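Below you'll find the structure, written out as structure tokens, and then a few comments.
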Amino acid sequence: MPENKIWDEKYECMSREEMKKLQSEKLVKQVRHVWDNVPYYKKLMEEKGVTPDDIQSIDDLHKLPFLSKADLRDAYPYGLLAKPLSECVRIHSTSGTTGKRVVAFYTQNDVDMWEECTARAITAAGGGKDDVCHVAYGYGLFTGGMGLHGGSHKVGCLTLPMSSGSTERQIQFMQDLGSTILCCTPSYAAYIGETVAEMGIKPEELKLKAGIFGAEPWTEEMRQEIERMLGIKAYDIYGLTESSGPGVAFECCEQNGMHINEDHFFAEIIDPDTGEQLPEGSKGELVFTSLDKEAFPLLRYRTRDVCVLSREKCSCGRTLVKMAKPMGRTDDMLIIKGVNVFPSQIEAGLLKMSNATPNYQIVVDRVGTTDTFEILVEVSPDMFSDTVKTFEELQKKIAGDIHSMLGIRAKIKLVEPKSIPRSEGKAVRVVDKRKLV
Ligand code: DLL
């Protein structure tokens, strides 16, 4: 078990009562701020017949209207801005490729709060002043690079602003400068791990001890694989551009769900069809309210991430509510031949088989009225040189496992090592050709 370090004990370990009081005070102020400064949301409130006077505590949150990505696109670019541009110091934007991008604005206080959140994540992963924090998330409009960068500064780590790409150079720097904490997407971490092995470097020759990986779904199996390849502890981190970026939630030494920074972001789980709040422990859509963001405050923002919250006592001492790894999205969940399929389920299944690598791609198409479902799976180099018989056996085994897991058949195509394009950011796991028609 790694050392259990906490960045801000006062807030991370607050009692339930104190936290609720703090959240309620912040919410009352935030609703007033939005009402006074964001005509778009004021109109939504008026349509629902709610005024700031109706919101006296966090228990009144359910009275407020939701915001969705569609609202953000509607209001693009300045429609949800709650501060004059002269008070804003930064803009970030989503990595989405469909429709208009979502732009988020930050005042200096917003940047400080955000960096506080990522500082908590870095500390929870064992980071401190003596660490070399290697940030290989993309820098730029994407929030990953700048988000972890700011937290790293706050903690006092020596910060390596690598951004993504040039993988061999990343590894060279890791060796030369003794990087101890790696921050990037889990798929890029797996690629770095693979390249480390190819370069003939043993994990123990690197000084890496921890990784902070997020921005895309990944499984427990993928965690174990990355931990093995790089000889580290791998921690999950969650966030979205709309809510500032990474650091809304982070994993502690338990590595078992992410603590939500609920003094800044209040989480609800709702039924995605009815919008009703669901009781604790239910699976549903995650909705966030930013309690103290100034420039781009979001009240009841529907993330589309499917998740479960838990208040079980955590051995790290934090009292912050925990979210499980997102189990998919309400919007990009695949429906193949009428069956709901989450790519993470497939990934978990594949990684349980020792000869499959974490590189796979799901290809969905439609012939006539029937869906086709193919999974390309990269096999390990030693497997690739095996006999045709062993190859066919593996193919059959994967096909059987996928069938028993999902109840539908997929065509499995084993492909050569390195044939699926690598990603330096979020991996492209699904190619859904049906959408193109
Ligand atoms: O991905 C922010 C981020 C950067 C998070 C670096 C963590 C690390 P967006 O590009 O706006 O922001 O994408 C947000 O990515 O709604 C989830 O669907 C997904 N996502 C983010 N973190 C995780 C995670 C950044 N740890 C969307 N596990 C979110 C699963 C995640 N999905």
note = Taking the stretch 191-229 and keeping residues touching an Asp or Glu at 6+ places or on another chain (Cβ under 7 Å), buried (at least 18 other Cβ atoms within 10 Å of the Cβ) and among the β-branched types (Val, Ile, Thr) leaves Thr219
task = State which residue pairs qualify: first residue free of Cβ contacts under 8 Å to residues at least 24 places away in the same chain and assigned to a loop (DSSP other than H, G, I, E, B) and inside the stretch 259-279, second residue of a type in the set (D, E, K, R) and surrounded by 19 or more Cβ atoms within 10 Å (Cβ to Cβ) in any location, beta carbons under 8 Å apart, and separation of 6 or more residues or different chains.
result = Asp271/Glu285
inquiry  = Tell me yes or no: at least one residue of the stretch 214-228 is of a type in the set (Asp, Glu), within 14 Å of the ligand (Cβ to nearest atom), closer than 30 Å to Val287 by Cβ and at pLDDT below 95.
reply    = yes
inquiry  = Among (1) modelled with pLDDT of 95 or more; (2) assigned to a helix (DSSP H, G or I); (3) within 13 Å of the ligand (Cβ to nearest atom), there is one condition Asp110 misses while meeting the rest; what is its number?
reply    = (3)
message = I'm checking my understanding of the structure. Among residues of the stretch 290-337 that are of a type in the set (Gly, Ala, Ser) and under 27 Å from Glu17 (Cα atoms), which one is nearest to the ligand (Cβ to nearest atom)?
response = Ala324
inquiry  = Out of the residues in the stretch 146-168 meeting the condition of being assigned to a helix (DSSP H, G or I) and within 19 Å of Ile226 (Cα to Cα), tell me which one is farthest from the ligand (Cβ to nearest atom).
reply    = Glu168
note = Output for Cβ contacts, cut-off 9 Å, separation at least six or different chains, first residue in the same structural domain as His134 (by TED's automatic domain parsing) and in a strand (DSSP E or B) in the stretch 199-222, second of a type in the set (Phe, Trp, Tyr) and within 8 Å of the ligand (Cβ to nearest atom), reads Gly214/Tyr137; Gly214/Tyr238
inquiry  = Being closer than 23 Å to Pro2 by Cα, in the same structural domain as Ser243 (by TED's automatic domain parsing) and within 15 Å of the ligand (Cβ to nearest atom) narrows it down to one residue among Thr185, Thr143; which is it?
reply    = Thr185
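For (1) under 22 Å from the mean Cα position of the chain (by Cα); (2) more than 23 Å from Asn261 (Cα to Cα), each residue gets a yes or a no:
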| residue | (1), (2) |
| --- | --- |
| Tyr11 | no, no |
| Gln23 | no, no |
| Leu27 | no, no |
| Leu44 | no, yes |
| Leu64 | no, no |
| Ala70 | yes, yes |
ask   = What pairs can you find where one residue is in the stretch 131-149 and within 18 Å of Glu242 (Cβ to Cβ) and of a type outside the set (Asp, Glu), the other is outside any strand (DSSP E or B) and more than 10 Å from the ligand (Cβ to nearest atom), and their Cβ atoms are less than 6 Å apart, with a gap of 6+ or different chains?
value = Gly138/Ser163; Gly138/Ser164; Gly145/Tyr139; Gly145/Ser163
task = Evaluate the stretch 413-428: report whether one residue or more is at pLDDT below 90, in the same structural domain as Thr370 (by TED's automatic domain parsing) and more than 29 Å from Cys184 (Cβ to Cβ).
result = no
key: helices (runs of 4 or more DSSP H) (entirely within the stretch 3-61) containing at least 3 residues that are free of Cβ contacts under 8 Å to residues at least 40 places away in the same chain   = 16-37, 39-48
query = How many of the residues making up the stretch 198-213 are modelled with pLDDT of 95 or more and away from the ligand (no atom under 16 Å from the Cβ)?
reply = 11
query = Just checking, how many residues over the stretch 229-245 are assigned to a helix (DSSP H, G or I) and either of a type outside the set (A, V, I, L, M) or near the ligand (Cβ under 9 Å from one of its atoms) (or both)?
reply = 3
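The values are calculated or read from the model by the stated rules, or taken from the named source; none is laboratory data. Fair warning: this is a prediction, and the values are worked out from it, not measured in the lab. Backbone-built Cβ (ideal geometry, glycine too); neighbour counts: all protein chains shown.
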